[in-house]
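See structure below.
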Amino acid sequence: MGQLYYEIAKKGENLAFPGGLYPSVGSGGIISGGGIGTLMRKFGLAADNVLDARVMNVNGEILDRESMGEDLFWAIRGGGGSSFCVILAWKVKLVRVPSKLTVFTVRRKLHGETKNLLQRWQNVSHRLSRDLFMRVLIQNMGIGSKKIVQVSFQGLFLGRVSELLPMLNQTFPEFELVTEDCFQDPVVNCAIGLPCIKKECFEVPWIRTTLYFASKRTNDSIEFMVNKTMPKRKNYYKATSDFVKSPLPKEVWGMIKTMFRAEERPMMIFDPLGGRMDEISKFEIPFPYRKGNLFNIQYMVNWYDNSENIYNKKIKWLRELYEKMKPFVSHYPRNGYLNYRDLDFGENDGEYRYSNSRVWGEKYFDGNFERLAKVKSKVDPSNFFRFEQSIPHFSAST
């Protein structure tokens, strides 16, 4: 995606694409799985902004939208392209954005006042102006006795600071963001038990917001977007996800804090929905999480030492957190996001039976799973494209 963003930026400051946050993520995967990102409340998912595609089918034929047909074109925009064909290229619709956007982060220690802010966030974040995307990150900072559980309210606004602050100060005056914060280096004060940088804000062109959400500085070179250097140290992780349809009770934050203090490198990311997402039918593409869904949660735990003991400990911790969240998230089925694929949801059996695959398939796709299976039967009758969670052929028998 970084290559795409880089090329768009060369065309001018007023064009963008509503893709994901991290430039190293491949376009074939993120778009075919839906593609949530910072612009989705204004413009929808990455997959909502695809005009055409070039694919290779099971027979080796290269097809475009017209020759592949609308069923396959529907399936690969959110249903995971790897179950049906090989994605060779996307033709995407660019969107117009202002010359200047505002990005900001407000950090707090997870305690009583912050819990009140979190309660307010989950009640209003999906109803705020669609020009404002404000997510929440929860993670540990520090080690040992100095470890704190930190909450970051991180946002992108499609407009200037002067337009954002009145809106933000009306809804979250506790952030105490002022104009000066956005035009000077953030104040660093590493007092024990508190975040080193309490707040920061920048008014920048769109391409520099992509640097910011990739954990870079907004004034870093945009050559980072096309840098293919591999990390020198391997990072292992386990992740899963949920969708939430009603606000979490306040006591959940205390449970999360307790769980996080028992782990070294956990993270939870809460991405608000609403806005344009509410206006698109849940059947428009396979991604069904539209109106009625407040936000998505991604759970993650990271580690460097992949010895069996550490590996088992990390996996057990994440599964325990996921289980503790069960009463508070979507259910019947409990949903998850395809691009945060989790084999704990279930796997295909050796015969790739539809009845078995529904267990995990409806978690990702709800009522769209049946149509995906019917498309699979049509375009890949030999089940050539198969793996642990590939879409199976449809069968009406149980």
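Let me know the whole percent of all Cα-Cα pairs from the range 110-265 that are separated by more than 20 Å. When every Cα pair of the range 110-265 is considered, 60 percent fall beyond 20 Å. Per-residue ellipticity at 222 nm from helix content only, as computed over the chain with -39500 (n - 2.57) for each DSSP H run of at least four residues, stands at -8500 deg cm²/dmol. Relative to the longest principal axis of the Cα atoms of the chain, helix 369-379 runs at roughly 50 degrees. Would you kindly give the portion of the calculated P(r) for the chain that falls above 26 Å, as a percent of all Cα pairs? Of all Cα-Cα pairs in the chain, 56 percent lie more than 26 Å apart.
The Rg/Rh ratio of the range 16-168, with both radii computed over alpha carbons and Rh defined as the Kirkwood radius, is 1.10.
Quick one: pull the percentage of alpha-carbon pairs in the range 1-91 with a separation above 18 Å. Every Cα pair in the range 1-91 considered, those over 18 Å come to 43 percent. Accessible area of the range 215-344 with a 1.4 Å probe: how many percent of it is carbon plus sulfur? Taking all protein chains in place, the range 215-344 shows 51 percent carbon and sulfur surface. Normalising the Debye intensity of the range 293-398 to I(0), with uniform scatterers on Cα atoms only, and taking log10 at q = 0.13 Å⁻¹ returns -0.59. Around the Cα centre of the range 317-378, unit charges on the Cβ atoms of Lys, Arg, Asp and Glu (plus for the first two, minus for the last two) sum to a dipole of about 260 debye. At a Cα cut-off below 25 Å, give the lysines reachable from K93, other chains included and same-chain residues fewer than 8 away excluded. Correct list for K93: K10, K11, K42, K282, K291. Its Cα centre serving as origin, the chain has a Cβ charge dipole (Lys and Arg +1, Asp and Glu -1) of approximately 720 debye. In terms of packing, defined here as the mean over residues of other Cβ atoms within 10 angstrom, the peptides 1-11, 370-380, 324-334 line up highest first as 370-380, 1-11, 324-334.
Stretching E7 away from S221 to a fully extended chain increases their span by 75.6 nm, per 0.36 nm per residue minus the current alpha-carbon distance.
The values are calculated or read from the model by the stated rules, or taken from the named source; none is laboratory data. Note that the structure is predicted; figures quoted are calculated from it, not measured. Neighbour counts run over all protein chains shown; Cβ positions are idealised from the backbone, glycine included. The area values use the complete protein model at the heavy-atom level, side chains included, leaving out ligands, DNA and RNA. Shrake-Rupley method; radii C 1.70, N 1.55, O 1.52, S 1.80 Å.
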